[in-house]
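Take a look at the structure below.
The values are calculated or read from the model by the stated rules, or taken from the named source; none is laboratory data. None of the values given here were measured: they were computed from a predicted structure. Heads up, the Cβs are rebuilt from the backbone with ideal geometry, glycines too, and the neighbour counts pull from every protein chain shown.
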Amino acid sequence: MLKTQNKKTIKVIELFAGVGGFRIGLEGLPGKKNNDFKVVWSNQWEPATHQQHASDIYVKRFGINNHSNADISTVSAKEIPDHDMLIGGFPCQDYSVARTLNQAEGLVGKKGVLWWQIYRILKEKGDKSPNYLMLENVDRLLKSPAKQRGRDFGIMIASLSDLGYIVEWRVINAADYGMPQRRRRVYILAYKKGTKIYKDILSLKHIAYWVLSDGPMAKAFPIVQDKNDIPIQEGFFELKGDIYKISGVFCGDKNRSPFQNTGIIYDRKVFSVRTAPDYSGKRVTLKNILQKDSQIPPEYFINDKDLSKWKYLKGSKKEYRKSKSGFEYHYSEGQMAFPDPLDKPSRTIITGEGGAAPSRFKHIIKTKNGKYRRLTPVELERLNMFPDNHTEGVPDIKRAFFMGNALVIGVVEKLGHALHKQI
C-alpha cells in the first residue's frame, strides 16, 4: 500500500482582507477546507468610518482569533506571527516616493499609502520575511500614473527585487477562463531567494519559460504569446537607479508603459511580454448565477416611471452641457448594453452597484415576464464566486460595495493550488 505524502501547510497572513475572498480561495469553503493553506493572522481596517462592516463580516465568517481591526500602519511587524506567505488586495493609489531628511535610507510613500506597509512589514521581518507573496490590484496599475506610465508598478517590483524576491505578474480576466464575471486584475506572485521555486527559475535556460509555461500562473491559467507582440529576446530591460530615481524619471518622455500583461523581474532585470488566454473549457454566464424570480425582493424591480431614466443613462449621448461655473462644453459617450445580456459573463461589478437610483454602470437584466431589475447581493456574491449570503448582516448597499471591491475567488483558488503544487 502506497504511503500518502505529507503536504506542507503554508502559513498565511492576509492584509487588507476585506470580507475574506483571498482566504476562501486558498483555504476553501467551510466544510470543504483543504490543508494546503492556513491563515494565521489577518488585518482589515476601513479608514474614516466608525463602523467596521467588512471586519465584522470577516470575524463573523472566520472568527475573532488572530484578527486585527487596526490601522495597519500602527501595527508593528513584531505583532504579526511568522508566516510563509503574505497575501492581500492592496488599494491602488499614488506609489511615488520622496526623500526624507531624517532617514538614512530616505524612501517613504508621499501619502503613506498601503503598498508601503507591505514593504515595511517585509523589511522589518528581515530574515523571517515570508517566502512567498500573492497580491492583487487593478490592471491599470501597470500603466499608472498617466504622466509617467508604469512608474508605480516599476517602483513596486524594483522594491521587491531589492528585498531578494523574484516577482512575476499576470493580468487575468476571470471570464477568459470560464468564470462568471469579466474582471481584469493584475495578480502578483513573488518568491524569496533561497526557496526551491527561486532556484527552479534560475535553473531555466530562458527565464521567459517560467511565465509562459513552467510557473504556477502559466499552469493555472494557460497562455500563448500574442502574435502581434515583440520577439521574446526583445522583451528584456533593466530597472536602473535607486527607488527615488525611478520615481522621478521613470518613463522619460515616452509616456508608454514598458510593462505588458505578463512578466517577471529578477535582480532588477525585467522580462515582459503580451500574451493571450488559452482556454476552451466550460464557461459560466450571467444567466447561470441568477436567483429565481420568486426570490427577488420587490424593491429590485425597476418602476415604469424610472425606466426612461435608466435607458437615457445607458444610451449614447451627444449633447451640450454647462458646468456649475457656467462653462459650456460638448459631452458624448457611447451606448451600454441595456439590458445586460444573459448569455455572456457579466460586466465588472463596481462599488456603486447598490441602491435603487438609476445609473449608467449598474447591471440591469430583463426577466422572463418582461420586467427589468437590478442584481441582488446574492447574485453579486455569485459573480465573485462567494458562497450565498457571505456578506449578510449589513445593508444591501454595503454588500454591493464589498463585491465591487472584492476579487473573483476562483482565480485565487486556481493560483493557490498551482503554487502549492510547485512549493
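If I filter segment 88-110 for residues that are at pLDDT 90 or above and part of a loop (DSSP other than H, G, I, E, B), do I get at least one hit?
No: segment 88-110 contains no residue that is at pLDDT 90 or above and part of a loop (DSSP other than H, G, I, E, B).
Residues that are closer than 19 Å to Asp71 by Cα and either more than 16 Å from the chain's Cα centre (by Cα) or charged (D, E, K, R) (or both) within segment 13-38 comprise Ile13, Glu14, listed in sequence order.
With respect to the conditions (1) in contact (Cβ under 8 Å) with a residue 60 or more places away in the chain; (2) surrounded by 23 or more Cβ atoms within 10 Å (Cβ to Cβ); (3) under 27 Å from Asp304 (Cα atoms), Ala406 lacks only one, and its number is (3).
Counting only strands (runs of 3 or more DSSP E) wholly contained in segment 168-275, the ones carrying 1 or more residues that are aromatic (Phe, Trp, Tyr) and either assigned by TED's automatic domain parsing to the domain that holds Met156 or out of contact with any helix residue (DSSP H, G or I) (no Cβ under 6 Å at 6 or more places or on another chain) (or both) occupy 184-192, 236-238, 262-266, 269-273. Looking at segment 61-90, which of its residues are of a type in the set (Ser, Thr, Tyr) and more than 21 Å from Gly25 (Cα to Cα)? Within segment 61-90, Ser73, Thr74, Ser76 qualify. Determine whether Ile64 is crowded, with 19+ Cβ neighbours inside 10 Å and either at pLDDT 95 or above or not assigned by TED's automatic domain parsing to the domain that holds Leu142 (or both). Taking the combined requirement at face value, the residue does not satisfy it.
Exactly one residue out of Glu353, Glu328 is closer than 21 Å to Gln291 by Cβ, in the same structural domain as Leu307 (by TED's automatic domain parsing) and either without any contact (Cβ under 8 Å) to a residue 24 or more places away in the chain or surrounded by 13 or more Cβ atoms within 10 Å (Cβ to Cβ) (or both), and it is Glu353. Tell me the helices (runs of 4 or more DSSP H) entirely within segment 311-423 that contain at least 2 residues that are closer than 30 Å to Phe16 by Cβ and among the acidic types (Asp, Glu). In segment 311-423, the matching helices (runs of 4 or more DSSP H) lie at 377-383.
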